[in-house]
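Below is one structure, written out as structure tokens; the observations come after it.
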């Protein structure tokens, strides 16, 4: 069974928080990881030619926002340097441009039931059918082009979270899904908006969970209900949502750490286990039942059901600023973030550059 992850968020938080914040090196430069207004000169690829082997160790990119493996086995990388695909033989850069002629930055990737791969960028939605790329914009009914998350539900609908709100696509038309505008604003985020849905997932019972600035909701198909997550909600901003295979929920927040929900009680796991960092990603569950979380300035944590193990730069992780986590068809765990890509085979961590090892 293919492990489940929160595509919207981990592709939001593991893309945002995960888009979210930077490791110590970035903090020293005063750069916030989810701030799109990062000066170009601060991006590694702006300083040197990324295609030259001697430049930046020939990394995939200075910032890798999302990693995805299609059912065909291709690896897709959404980076600050554009879109990359490795098909098992070679690495190809698809130079998708925005309306200004600049390289589009894919922040979210998903695959539908027909095998089409979708990419959400800073201006539009793009579909790849294996041969052609087709773009969708507001003129096609898309609610907004500033896309942060994609998710395909059990009915085959593609959900799109943009700065302007949430909508879904049935293959023919886009339909807006109304969520109450948030009146709160997370002061730690470089990107913040009243209509932006950060976290989104469908649980095993068919309910939809979604989070906005400071609010958590559950939709049962009829009613959208706000769920109080903690007593002190003024600064409880949820960016990652994961339901594990046991039916428990994990919420990654920006200022309260990691919160666990067993269906009855919300528990702050960060406080309970003494984890470092208050900003944690929503999580990714691998095929062995381990759950991976990214923690600002720390790296990643692995929870095996009873204890946490941390992985940092000293263990070979590419950086402390991790955006995304993925398990591939071989059971290897991939991490993308600031500085490039790392892969863990259960014993050792390797840096995967443009030349591999694949």
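Take each peptide in 299-312, 74-87, count the other Cβ atoms within 10 Å of every residue, and average; sorted highest first, the result is 74-87, 299-312. Among 198, 250, the order by Cβ neighbours within 10 angstrom, fewest to most, reads 250, 198. When you count the other C-beta atoms within 10 angstrom of each residue and take the mean per peptide, 119-129, 317-327 line up highest first as 317-327, 119-129.
Averaging 1/r across all pairs of distinct Cα atoms in the stretch 148-301 and inverting the result yields a Kirkwood radius of 16.0 Å. Size estimate for the stretch 92-143 follows the Kirkwood approach: the inverse of mean 1/r over distinct Cα pairs works out to 11.5 Å. Mean silhouette area of the stretch 192-251, derived from the convex hull of its C-alpha atoms and averaged over all directions, reads 4.3 nm². Residues 60, 349, ranked from the fewest to the most other C-beta atoms within 10 Å, line up as 349, 60.
Every number here is computed from the coordinates shown, using simple stated rules; none is lab data. On a predicted model such as this, the values are computed, not experimentally measured, just so you know. Backbone-built Cβ (ideal geometry, glycine too); neighbour counts: all protein chains shown.
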